[in-house]
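Asks: Can you keep this structure in mind? I'll have questions shortly.
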Amino acid sequence: MLQFNVLGTLEIKVDGKAVAVPRGPKVRQLLSLLVMQPGSVVSHGSLVDELWGRQPPKTALSTVRTHVYHLRKMLGQATGGAVPPDLIGTWSTGYVLHAAPEQVDAEVFQRLTRQGEALLKAGDLTEGSRLLSHTLQTWDGDVLADVTCGPVLSRHVQHLAEVYMRALQQRIGADMQLGRHRSVAAELRSLVARHPMDEWLHGQLITALYRCDRRADALRAYQELRTILRDELGLDPSPALQHMQRLILSGTGGDGLDGPARRGPSGPRPVTRGGAGLSRDFPAPEPAASLSFREAAAVGA
């Protein structure tokens with residue numbers, strides 16, 4: 001089966017074996033944009049915007065047609081003719097990659113993320129955490145790490161990055177509810193180093209450390225965040241985090257830091273700046289019904 005991967009470097013596989021991908025930067029951009037929308041027509045305008053931005057040449061459309069011609073030829077050669085002749089279809093308004101959602105790793109990732117969120121919302125924390133852990137592991141670095149992304153691709157990349165962070169928050173929130181504070185604390189140390197401005201992650205780290213009876217470490221984690229925010233942005237931690245610090249200092253954090261294990265199956269809620277207080281254990285946002293993930297075949301199909 002033909003497989004397209006974008007969760008990391010751009011990759012094409014035939015029956016599990018990687019084959020050569022186009023070398024030309026604009027051809028790689030064109031292929032990536034088609035892969036990001038399998039089964040949907042990508043308009044000429046979107047392709048031109050991606051390849052040249054606001055100042056396209058007068059020959060932009062004819063150049064796009066030339067790139068598509070070379071792309072079809074290269075894909076046929078690289079796969080030994082394994083691709084169907086209509087893999088890249090031509091429409092009056094643009095081009096379409098005739099691939100099923102399960103042939104694109106980003107589509108599979110989004111489908112599994114939605115399923116994991118649904119399990120959490122239904123109250124099945126263990127299975128939801130397991131499924132989200134599995135799908136998060138499909139990432140192999142930044143999306144399209146070896147592709148120069150123009151304005152259109154950049155929006156797709158940003159969307160996937162946000163879905164990834166949301167799934168990560170959901171899984172961490174579930175693990176916190178399941179009492180897995182020690183393993184989560186170790187993971188969060190690495191995460192806050194990679195995302196030093198993310199107060200949600202810092203809040204989860206502080207809570208996890210406190211729940212592991214590491215009160216001093218929890219207070220140090222708060223001070224580290226405070227220093228980062230003041231040095232970089234001239235800000236103090238959010239009122240919710242300040243309240244958390246006071247609870248820990250007073251030794252009365254038992255109630256105020258009680259995690260979402262006491263929360264019902266409706267799912268965790270977000271914590272934002274300006275809120276009145278801490279939503280216990282800084283729970284991850286509850287799954288949004290508006291997420292438009294593409295439907296695909298069942299897992300393992």
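The values are calculated or read from the model by the stated rules, or taken from the named source; none is laboratory data. In this text, all values refer to a predicted model and were calculated from it rather than measured experimentally. Every residue, glycine as well, gets a Cβ built from its backbone with ideal geometry; the counts of neighbours run over all protein chains shown. Ligands, DNA and RNA are excluded from the accessible area calculation, which covers all protein heavy atoms including side chains. Shrake-Rupley method; radii C 1.70, N 1.55, O 1.52, S 1.80 Å.
Asks: Go through 173, 123, 179 for me and flag whichever is closer than 22 Å to residue 205 by Cα and outside any helix (DSSP H, G or I).
Replies: Every option except 179 fails the conditions.
Asks: Can you tell me which residues in segment 83-125 are small (Gly, Ala, Ser) and either open to solvent by less than 10 Å² (accessible area, probe 1.4 Å) or farther than 27 Å from residue 135 by Cβ (or both)?
Replies: Listed by number, the residues that qualify are 89, 92, 94, 106, 116.
Asks: Now, a different point. Looking at (1) under 29 Å from residue 43 (Cβ atoms); (2) open to solvent by 10 Å² or more (accessible area, probe 1.4 Å), which is the one condition that is false for residue 160?
Replies: (2)
Asks: Oh, and also: Would you be able to tell me the number of residues in segment 54-96 that are assigned to a helix (DSSP H, G or I) and either in contact with a Phe, Trp or Tyr (Cβ under 7 Å, 6 or more places away or on another chain) or over 20 Å from residue 1 (Cα atoms) (or both)?
Replies: Here the count works out to 11.
Asks: Looking at residue 25 and the list (1) over 18 Å from residue 143 (Cβ atoms); (2) open to solvent by 40 Å² or more (accessible area, probe 1.4 Å); (3) within 29 Å of the chain's Cα centre (by Cα), which single condition is not satisfied?
Replies: Exception for residue 25: condition (1).
Asks: Applying the selection to segment 126-144, what residues are surrounded by 21 or more Cβ atoms within 10 Å (Cβ to Cβ) and part of a helix (DSSP H, G or I)?
Replies: Result: 128, 129, 131, 132, 135.
Asks: Now a separate question. For segment 193-204, which residues satisfy the criterion of being free of Cβ contacts under 8 Å to residues at least 40 places away in the same chain and buried (at least 21 other Cβ atoms within 10 Å of the Cβ)? Walk me through it before giving the result.
Replies: Step one: list which residues in segment 193-204 are free of Cβ contacts under 8 Å to residues at least 40 places away in the same chain, which gives 193-198, 201-202.
Once the filter is applied, which keeps residues that are free of Cβ contacts under 8 Å to residues at least 40 places away in the same chain and buried (at least 21 other Cβ atoms within 10 Å of the Cβ), segment 193-204 yields 201, 202.
Asks: If you check residue 64 against the conditions, is it among the hydrophobic types (A, V, I, L, M, F, W, C), without any contact (Cβ under 8 Å) to a residue 40 or more places away in the chain and on the phi < 0 side of the Ramachandran plot?
Replies: Taking the combined requirement at face value, the residue satisfies it.
Asks: To continue, here is another question. When you go through 155, 189, 180 one by one, which is the residue that is open to solvent by 10 Å² or more (accessible area, probe 1.4 Å), closer than 20 Å to residue 38 by Cα, without any contact (Cβ under 8 Å) to a residue 24 or more places away in the chain and of a type in the set (D, E, K, R)? Walk me through how you get there before you give the answer.
Replies: Working: 189 fails: closer than 20 Å to residue 38 by Cα; 180 fails: closer than 20 Å to residue 38 by Cα.
The conditions single out 155.
Asks: Another question about this same structure. Failed condition for residue 207, given (1) at positive phi; (2) surrounded by 23 or more Cβ atoms within 10 Å (Cβ to Cβ), with all others met?
Replies: Checking residue 207 against (1) at positive phi; (2) surrounded by 23 or more Cβ atoms within 10 Å (Cβ to Cβ), the one that fails is (1).
Asks: Based on this model, can you work out whether residue 49 counts as open to solvent by 30 Å² or more (accessible area, probe 1.4 Å), farther than 28 Å from residue 138 by Cβ and of a type in the set (Asp, Glu)?
Replies: Answer is yes for this residue.
Asks: Assess whether residue 225 counts as being buried (at least 20 other Cβ atoms within 10 Å of the Cβ) and closer than 30 Å to residue 36 by Cβ.
Replies: Values: buried (at least 20 other Cβ atoms within 10 Å of the Cβ): yes; closer than 30 Å to residue 36 by Cβ: no.
No; evaluated as a whole, the condition is false for this residue.
Asks: Can you name the number of the only condition in (1) over 31 Å from the mean Cα position of the chain (by Cα); (2) closer than 22 Å to residue 105 by Cα that residue 58 fails?
Replies: (2)
Asks: Quick one: is residue 9 outside any helix (DSSP H, G or I) and of a type outside the set (Asp, Glu)? First the steps, then the outcome.
Replies: Numbers: outside any helix (DSSP H, G or I): yes; of a type outside the set (Asp, Glu): yes.
Spelling it out, residue 9 is indeed outside any helix (DSSP H, G or I) and of a type outside the set (Asp, Glu).
Asks: Can you tell me which of 51, 34 is at pLDDT 95 or above and either assigned to a loop (DSSP other than H, G, I, E, B) or touching a helix residue (DSSP H, G or I) at 6+ places or on another chain (Cβ under 8 Å) (or both)?
Replies: The match here is 51.
Asks: Say we look at segment 228-241 and pick out the residues that are assigned to a loop (DSSP other than H, G, I, E, B) and without any contact (Cβ under 8 Å) to a residue 12 or more places away in the chain; which of these is surrounded by the fewest Cβ atoms within 10 Å (Cβ to Cβ)?
Replies: The first filter runs over segment 228-241 and keeps only residues assigned to a loop (DSSP other than H, G, I, E, B), leaving 234-238.
Going one step further and asking which of them are without any contact (Cβ under 8 Å) to a residue 12 or more places away in the chain, we end up with 234-236.
Numbers: 234: 7, 235: 13, 236: 12.
Checking each candidate, the answer is 234.
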